[in-house]
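Take a look at the structure set out below.
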Amino acid sequence: MGNVLGSVMVTPDALTITDSRTRNGSLDDVVEFLNETYFAGEVTRPKEAVSLDGVDANLTRLISTDENIRTKAFLTVLAPKHYVVAGDPVKFFLISFVIPEDNGEEIIAAVIDSWRWL
């Protein structure tokens, strides 16, 4: 068994982004908002359509400001239902990939293929 270098982080967000900072809370609006205000680094491919367990999602790819990072990407998804996280209703999830090794594409594919909504 080897080490997995880098990080994959799932960040649930209470409805503040989808309700108050975008026009209509659609996936496209959330992605536009994140591209303009949140992502650090040069966005190289802002909209790559993917599916997480049958739900439309978006993969945004960036060039990292850290020269040691080979893959930097964010998966944005609006869940098919609300989940309760720390007492707040959550529907927006941001999955970030920061990978220094050459296996970033395999890690992204593994997350996309294995994601299941409970």
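FYI, it's all coordinate maths here, none of it is from the lab. Computed from a predicted model, the values in this text were never measured in an experiment. Methodologically, a virtual Cβ is constructed for each residue, glycine included, from the backbone with ideal geometry; neighbour enumeration extends over all protein chains shown.
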Query raised in the report: Can you work out the FRET efficiency for the pair Asp28 and Asp113, with r the C-beta to C-beta distance and R0 = 30 Å, to the nearest 0.05?
Result: 0.80
Query raised in the report: Normalised by the residues of the range 29-107, what does the relative contact order come to in percent, with Cα pairs under 8 Å and at least six apart?
Result: 23 percent
Query raised in the report: If you line up the long axis of helix 27-37 against the longest principal axis of the chain, both from Cα atoms, how many degrees apart are they, to the nearest 10?
Result: 60 degrees
Query - Around Phe97: net Lys/Arg minus Asp/Glu count, Cβ-Cβ under 10 Å - result: +1
Query - Residues in the range 104-118 reached by a label modelled at Tyr38 [backbone nitrogen below 12 Å; 7 Å Cα→Cβ] - result: none
Query - Label corresponding to Cα Rg over 2.2 N^0.38 Å when calculated from the structure given, among (1) 1.87; (2) 1.06; (3) 1.11 - result: (2)
Report summary line: In degrees rounded to 10, the 0-90 angle between helix 104-114 Cα long axis and the longest Cα principal axis of the chain is 40 degrees
Report summary line: Rounded to the nearest 500, the 222 nm mean residue ellipticity computed for the chain from DSSP H runs (n ≥ 4, each -39500 (n - 2.57)) alone is -6500 deg cm²/dmol
Requested in this report: Report, ordered by chain and residue number, the lysines lying within cross-link reach of Lys47, taken as a straight Cα distance under 19 Å and ignoring same-chain residues fewer than 8 apart.
Outcome: Lys72
